[in-house]
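The values are calculated or read from the model by the stated rules, or taken from the named source; none is laboratory data. These figures come from a predicted structure and were not determined experimentally. Backbone-built Cβ (ideal geometry, glycine too); neighbour counts: all protein chains shown.
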Amino acid sequence: MKVEFSKIKGEKSFVLEREGVEAIYTLKPKNRELLFCSQKIAGKIETLCNRCGTELVVDVDETTQLLISNGIYNGFDDQLDIIEADRGVIDFDETLSGELHLIESGYFYCSNCKDSETEEIVIE
Ligand SMILES: [Zn+2]
């Protein structure tokens, strides 16, 4: 879903769905060049156990606060992730793909590996 930056005048919410995951976006203008964006992702994603490679389905439920800049962002913000809207257009499909990819590439362990992990810690 693509949203034109200049068309966001007030608070606006929408939902994107993707392979078992639902993402709720809420946009709110901060000023003419910046939008606050809350990204809530909930559902299940498929990933692999980081140790043995077994396929896993992981529950996801996370909310991220983003700042969307109309064009290149020159400021600095250590609290919020910054997204730059290319030519005034924000591509939320891309934003969601990036976020899901980030989640999938995290560390997950299947129940077997989780158990052996605990044992190792006990042995040490
Ligand atoms: Zn495993």
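Can GLU46 be described as of a type in the set (Asp, Glu) and touching a helix residue (DSSP H, G or I) at 6+ places or on another chain (Cβ under 9 Å)? Write out each step before concluding.
Details: of a type in the set (Asp, Glu): yes; touching a helix residue (DSSP H, G or I) at 6+ places or on another chain (Cβ under 9 Å): yes.
So GLU46 fits the description; yes.
Here no strands (runs of 3 or more DSSP E) wholly within region 34-124 include at least 2 residues being modelled with pLDDT of 90 or more and of a type in the set (Phe, Trp, Tyr). Candidates in region 26-59 are the residues that are without any contact (Cβ under 8 Å) to a residue 24 or more places away in the chain, small (Gly, Ala, Ser) and closer than 21 Å to ASP93 by Cβ; of these, the one that is surrounded by the fewest Cβ atoms within 10 Å (Cβ to Cβ) is ALA42.
Restricting to region 88-114, and then to whatever is loosely packed, with under 14 Cβ neighbours inside 10 Å and among the polar types (S, T, N, Q), can you tell me which residue is nearest to the ligand (Cβ to nearest atom)? Talk me through it step by step, then tell me what you get.
Filtering region 88-114 down to residues loosely packed, with under 14 Cβ neighbours inside 10 Å leaves 88-89, 93-94, 97-98, 101-102, 105-107, 111-112, 114.
Add one more test, that the residue is among the polar types (S, T, N, Q), and what stays is 97, 105, 111-112.
Details: SER97: 26, SER105: 16, SER111: 8, ASN112: 5 Å.
Only one residue fits best here, namely ASN112.
Among the conditions (1) of a type in the set (Ser, Thr, Tyr); (2) exposed (fewer than 12 other Cβ atoms within 10 Å of the Cβ); (3) within 16 Å of the ligand (Cβ to nearest atom), THR63 misses just one, which is (3).
Please go through region 9-33 and give me each residue that is of a type in the set (Gly, Ala, Ser) and modelled with pLDDT under 95, ordered by number. Give the steps one after another, and end with the answer.
Within region 9-33, the first condition is being of a type in the set (Gly, Ala, Ser), and the residues that meet it are 10, 13, 20, 23.
Selection gives GLY20 alone.
Out of curiosity, is GLU17 farther than 23 Å from GLY75 by Cβ, loosely packed, with under 13 Cβ neighbours inside 10 Å and within 16 Å of the ligand (Cβ to nearest atom)? Criteria not met by GLU17.
Taking the numbered list (1) surrounded by 17 or more Cβ atoms within 10 Å (Cβ to Cβ); (2) more than 16 Å from the ligand (Cβ to nearest atom) in turn, GLY75 passes all entries but (1).
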